[in-house]
Every structure is written in C-alpha cells, then in structure tokens.
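We did not get these values from a lab; they are worked out from the coordinates using the rules stated. Everything quoted here is computed from the prediction, not taken from an experiment. Cβ coordinates were reconstructed from backbone atoms using ideal geometry, including for glycine residues, and neighbour counts include every protein chain displayed.
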Amino acid sequence: MSAAPALSPARHADASGTALDVVVLGGGIAGAAAAIELARAGRRVAVVEKTEQAHDKVCGDFLSAEAIADLRGLGIDAAGLGAVALNRVRLAGGLGVREARLPFAALSLTRRRLDEAMLGRAAEAGALVLRGRSAESLTRRPDGWSVEVAGPSRSYALAASDVVLATGKHDLRGVARPEGVQSDLVAFKMYFRLAEEQAEKLRGAVELALFGDGYAGLQPVEDDAANLCCVVRKSRLRALGGGWEPLLAAMLRDNAHLRRRLWGAEPLLGRALAVSSIPYGFVRCEAVGEGLWAVGDQAAVIPSFTGDGMSLALHSGRLAARMLCGGESALDYQRCLHAQVKRQVSLATVLSRGLVMWPQRAVLESAAWIWPGALRVVAAGTRLAAKHRISVAEESACVAG
C-alpha cells in the first residue's frame, strides 16, 4: 500500500506553506472518505474541519448495506464502533402500523461517533486534519486553487491543485447550490432515552411516523438511545410558532404510535438540532469549476426517509477520489455521479413530496397498508444500483495509483 508523504501536524500546525495536492473542505463522512482514499493513494491531502471536537448532526444515523460496505472498504468497522443492527421497517400513520423486513442488513450509528472514527482513519492514512478551522473563500489560480482559511489565531492560505467541496448542508460563500425539487422543509433532530418497554419494542427496527405536513424517523442507536429525526413543511412550522417544542407536541397529537413510543422518554440533548431549506432532489450535473470536486450533500441530496443519504455521501467521496487518482476531471466525475444517482434521487423526492402533502400521502399510506411489501420495494428502489458500486479491484487501483 502506498503511503502519503509525511505531513507533520506539529511542524505544519496551520499547514501554511505546505505543498498540497488536494484540500478537502469539510470533515464529514463524504470529505473524510475522499481524504482517506486520496491519502492512501499517495496524495498530499489536508482536511479543513470547522469543529474542534465530536458533535451531533441533523442526520438519521442509518447505515444501509451499501454504506456498510463503503465503510469497510475505508477500513472502518461500524459494528465495532457500537452500531446497532436494524432488520425491520415500520410505517405508522392514520391507518395504523405496517411492518416489513428490510431487504438488506442495516446498522444505526451516531454521526458523532462515525465522523470522528473516519477523521482518525484519514489521519492514520496520512492526511493532515486541521480542526477548528473554517474555509472563508476560494480563489482560482493558474495552477490550482487558493483556499483562505481562518485559524484559531490568524488567517492563512492553502494552495492545492484540486479542492474537494464537502461542506455538507452548509454552502461555502460564493459556491451556493441551486434549490432542490423539494426545498420547503425544515429538519429537526433529538436523541431520547425511551422507557424500557418502548425501547424493547423499537429494538431492531426503524419507524417512519407520518404527521401533518411532515414525517419522522425513529430508530435505536448505540448507548441505549433513540434518534428522532423529522422534516416538516415551513408553512406548518410557522403556523405552530416556529419552534421544536410546539412541533413535537403537534407530532404527538397527530400520530398515536409515536406518542406511545415517546411516553416517558427523556430528551438527551440540551436543545434540538435544526437545519432549514434542505434541497431534496438536488443532483449536481456540472462541475463548479476546474479542479473543484463536490461530494456529499454538495453533490446530491436524497430525502431522509430513504436512509440512503450516508451511502450517497460515502460513495461520492470515494468516487471523486478514484476518478481524481485516475486522471479524470471534476466535470467527468460530476456527470458520472449524476448519471448514477439521478434516478433514485428523483424517485425518492417524488415519494417525499407525497408524504408531506394530502391527498398524495393518503394514497401512499393506503398502498403500504394493502401491500406491506411496498415498503421493501421502496427501500430497495432507492438504493444505488449494484453496477455503480466501487469494486474491490477499483479500490486497489486507487490505492496503487
């Protein structure tokens, strides 16, 4: 295995003056995946991550079989990190509860734990991980890019031939994404400690609960906690007063199953996490600029109910690294990823819009009630096609590159 040229964290604490091949902006799972692959292939890589320590993110924490395989290819054992096994899916709405087995093995793991493990793996592979820094601006140069970075005590510039844009749901100034097909939603997240009886009933399952103008996902995570992550239309949120507490109260009024699950539950965060204007349905088809590679939510945003967001993030980071290693352009990569994921993102967005609007939701819920197998079909149909997965041979080629 080829190792990246050594970049001493002590000597290059702020990386100014360091010769770099690639700067990765964002240390989430997409950025870390790209950094791991590139560093293993011998590229000089620096990861700029604005947070100094592990933190929670608005995310369903769902790892599909594809995501688990990508993590394994990156040297990450999700089960070894404490991930919880999931094998069933339930839909809870006005007609009651319908259950089906998932068509693949799945795991549940908090982003707090997964992201830190991946950044640690990137550092082990030879990438320089810069914590507590934020990218302020990007400037195109004749020989690459200059990235203005704000550090703890001063600002400085990083120069590299290529830049991986991995800032997740937050746009870098001057590099904003277009709106998605469904951009009128706000997402919230809270961890709970469920009552013992309810925790036992939830074990091994991910539950999709429908409520007025929105839907929520509930699933167990490590350390005997449960993740409740939801999206709601902005108009409904405004009508409720615009906060988490009135929204949660409305969710519990609208959905009896969710009300039972959270009866006696203890919230584990001081306040709910939130993010707005999520561009569901967005898939970038053109490169932002020569040598600028958009990955993760900067490349494609699939509705959260599918549980495939982390899989797409990991795949995009790995695909970008593989194509960069192979001498292909950012434009080639962006068009390739678009062709691979557009169908599944479009299908998921159509379903997501139906889940938050009446009477479309009534039709979808009735279909699931009449034919519970529809849940399995939707789960399978919103996965990345097997023919697009990165093979073991391709992994080896990038490492050897």
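Alpha-carbon geometry of the range 105-170: the Rg and the Dmax are 14.9, 47 Å, given in that order.
Computed from backbone phi with θ = phi - 60° and the Karplus coefficients 6.51, -1.76 and 1.60, the 3J(HN,Hα) list for the range 356-364 is 10, 10, 8, x, 4, 5, 4, 5, 5 Hz; x is used for glycine and proline. Among the listed pairs Lys57/Lys201; Lys50/Lys169; Lys57/Lys234; Lys50/Lys189; Lys169/Lys189, a Cα-Cα separation exceeding 18 Å is found for Lys57/Lys201; Lys57/Lys234; Lys50/Lys189. Normalised size of the range 246-378, defined as Cα radius of gyration per 2.2 N^0.38 Å with N residues, equals 1.34. Within the listed set Ala34, Ala209, Ala256, the Gaussian network model of the chain (springs between alpha-carbon atoms below 10 Å) gives the highest mean-square fluctuation for Ala256.
Relative to the compact-globule scaling 2.2 N^0.38 Å, provide the ratio for the alpha-carbon radius of gyration of the range 132-242. Don't jump to the answer; show the numbers that get you there.
On the way: Rg = 20.7 Å, N = 111, 2.2 N^0.38 = 13.2 Å.
Working it through for the range 132-242, the quotient is 1.57.
Among Trp293, Trp358, a tally of other beta-carbon atoms within 10 Å of each Cβ gives an order, fewest to most, of Trp358, Trp293. At the listed q of 0.20, 0.21, 0.24 Å⁻¹, the Debye profile of the range 68-138, built from one uniform point per Cα, gives log10 I(q)/I(0) equal to -0.91, -0.96, -1.10. Our Cα-only numbers for the chain put the radius of gyration and Dmax at 20.9, 64 Å. Annotation: the antiparallel percentage among DSSP beta bridges lying fully within the chain is about 70.
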